[in-house]
Amino acid sequence: MSVMKGIMTLPFPFESVDVGCEDFGSFSPVNTAKRQTVDLSSEEAVVYSEARPRYPSEWFSMLAALTPQHSVAWDVGTGNGQAAISVAEVYEKVIATDISDEQLKQAIPHPQVQYVHTPLEMSDDELVSLIGGENSVDLITAATAVQWFDLDRFYPIVKRVLRKPGGIIASQSFKIASQCYKTLPFPFESVGVGCEGKPLELDMHKVMSFQGLLKFLSSLPVVHIAKEQGVDLLPEELLKDFERAWGEPESVRTATYKTYMLAGKVKL
Ligand SMILES: C[S@@+](CC[C@H](N)C(=O)[O-])C[C@H]1O[C@@H](n2cnc3c(N)ncnc32)[C@H](O)[C@@H]1O
């Protein structure tokens, strides 16, 4: 059963914040456009982190097979390092950056992952040098993050730091972002793993109980932000609908999270 598919078809007329968006329409009664993150309590962060799916390691092995060298990777918008720790299985060193210090406080320690706070005020030159300089990075990953970036600023930095030839950037999201990344500008040459306008569709699976689903939904940052604005995104009636759709309350089900990936190399 695709739980997320059910959630994704719900009308959701709010501008995207951190987890999920409808992404077809600009009606925005809750103006959260500038919100990049919401500060969850550490307990909520744990619930969210445990309930969300993990990016399969095979995805990073697939990307690693496309770069000739495996010295340095940059995981940008790393959050708590979900993707960074998997990238570290296939690259010697991962520089994992985020504009949110709060997110980095929850980061999963890993001997090959260096977490660095990169506030928006940091200059492009500073950022490039912090990552290792021009032409130094084998793989850049931006997992469920790039839709938040100022792409006019981000892509030139990517082009500077990626190794040329050989380096690639990969961006994936399990949210409904930029119409499943179909409309996301992605000015890189295809490496056969999704390209501008044609993201590769991948599935992630997560086994969960109904209680697990409820915990996950109530831990979503978007639910907290809406609540702050006086909007209850999980009213009793909706939860009853979910319960009916779930069936036997004790049953454990596999949720499928649709994920979209774009990857490419610098056009020379
Ligand atoms: C939805 S989270 C994804 C975190 C992680 N990559 C994952 O997949 O679990 C998006 C992250 O992007 C970060 N972020 C947003 N804008 C950013 C920017 N301009 N530069 C770096 N990180 C940014 C946020 O702070 C947040 O941690």
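See the values below:
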| item | result |
| --- | --- |
| The one condition in (1) β-branched (Val, Ile, Thr); (2) in a loop (DSSP other than H, G, I, E, B); (3) at pLDDT 70 or above; (4) within 16 Å of the ligand (Cβ to nearest atom) that Val46 fails to fulfil | (2) |
| Set Met204, Met208: member being over 20 Å from Val94 (Cβ atoms), within 14 Å of the ligand (Cβ to nearest atom), in contact with a strand residue (DSSP E or B) (Cβ under 6 Å, 6 or more places away or on another chain) and not in a loop (DSSP other than H, G, I, E, B) | Met204 |
| Any chance Val128 is among the β-branched types (Val, Ile, Thr), outside the structural domain of Ser219 (by TED's automatic domain parsing) and assigned to a helix (DSSP H, G or I) | yes |
| Close pairs (8 angstrom Cβ cut-off, 6 or more residues apart or separate chains): polar (S, T, N, Q) in the stretch 112-130, within 13 Å of the ligand (Cβ to nearest atom) and not in a strand (DSSP E or B) anywhere | Thr118/Ile99; Thr118/Leu127; Thr118/Leu130 |
| Filter result for Arg153 (more than 19 Å from Glu92 (Cα to Cα) and more than 14 Å from the ligand (Cβ to nearest atom)) | no |
| Matching entry among Arg253, Arg160 (being part of a strand (DSSP E or B), in contact (Cβ under 8 Å) with a residue 24 or more places away in the chain and of a type in the set (Lys, Arg)) | Arg253 |
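Each row is one residue, and each column tells you yes or no for (1) aromatic (Phe, Trp, Tyr); (2) within 17 Å of the chain's Cα centre (by Cα); (3) closer than 30 Å to Ile140 by Cα.
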site	(1), (2), (3)
Cys195	no, no, yes
Leu202	no, yes, yes
Phe210	yes, no, no
Glu228	no, no, no
Ala255	no, no, yes
Lys258	no, yes, yes
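The values are calculated or read from the model by the stated rules, or taken from the named source; none is laboratory data. Small disclaimer: the values here were computed from a predicted structure and weren't measured. When we count neighbours, we look across all protein chains shown, and the Cβ atoms used for this are built from the backbone with ideal geometry, even at glycine.
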